[in-house]
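*Asks:* Below are the structure tokens for one structure; questions will follow.
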Amino acid sequence: MEYLIILLVLLAVGLFIEWKYRVHLYHSRKERIIVTLVFFVIGILWDSFAIFRGHWDFPGPGLIGIKIGLMPIEEYLFILIIPFWIITMYKILDKKIK
């Protein structure tokens, strides 16, 4: 559950910062969907391969226990939220430094 809470906090903070500082990550809704899908597909392939090869796993205490395929639901959210968070932070820092 902790992993999910951390991800939701990062998402909420990222959305708030994007709104507050008027950071536009994408030029259109279509671009937002396409870029997000590309990150998502690459992330799923990467994680699934690493799990299959035994490079890492997801022991249970911090998770809610729902799995889709090889990964817990939190990892899918991680793949969606963390790139958004990183790009948002980059855009804000880039805006502030210039």
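The values are calculated or read from the model by the stated rules, or taken from the named source; none is laboratory data. This one's a predicted model, so the numbers in the text were calculated from it and none came from an experiment. Don't worry about glycine lacking a Cβ; one is built from the backbone with ideal geometry, like all the others, and counts go over all protein chains shown.
*Asks:* Of all residues in the stretch 76-98 being loosely packed, with under 11 Cβ neighbours inside 10 Å and part of a helix (DSSP H, G or I), which is modelled with the lowest pLDDT? So that I can check it myself, show each step before the final result.
*Replies:* Step one: list which residues in the stretch 76-98 are loosely packed, with under 11 Cβ neighbours inside 10 Å, which gives 93-94, 96-98.
Okay, now just the ones that are also part of a helix (DSSP H, G or I), so 93-94, 96-97.
On the way: L93: 89, D94: 87, K96: 81, I97: 86.
This residue is K96.
*Asks:* Failed condition for R53, given (1) at pLDDT 90 or above; (2) surrounded by 16 or more Cβ atoms within 10 Å (Cβ to Cβ), with all others met?
*Replies:* (2)
*Asks:* Given the condition within 16 Å of the chain's Cα centre (by Cα), under 16 Å from L4 (Cβ atoms), at pLDDT 90 or above and not in a helix (DSSP H, G or I), answer yes or no: does some residue in the stretch 59-75 qualify?
*Replies:* yes
*Asks:* Here's a follow-up. Which residue is modelled with the lowest pLDDT, if the candidates are limited to the stretch 1-30 and must be within 18 Å of F58 (Cα to Cα) and either surrounded by 13 or more Cβ atoms within 10 Å (Cβ to Cβ) or touching a helix residue (DSSP H, G or I) at 6+ places or on another chain (Cβ under 8 Å) (or both)?
*Replies:* Y3
*Asks:* For residues that are under 16 Å from the mean Cα position of the chain (by Cα) and of a type in the set (F, W, Y), scanning just the stretch 37-50, find the one that is surrounded by the fewest Cβ atoms within 10 Å (Cβ to Cβ). Even if it seems obvious, please write down each step before you answer.
*Replies:* Filtering the stretch 37-50 for residues under 16 Å from the mean Cα position of the chain (by Cα) gives 37-48.
Filter once more, so that each one left must be of a type in the set (F, W, Y): 39-40, 46.
Details: F39: 16, F40: 14, W46: 11.
Going through the qualifying residues, I end up with W46.
*Asks:* Restricting to the stretch 41-58, what's the tally of residues that are part of a helix (DSSP H, G or I) and more than 30 Å from V23 (Cα to Cα)?
*Replies:* Matching residues across the stretch 41-58 total 5.
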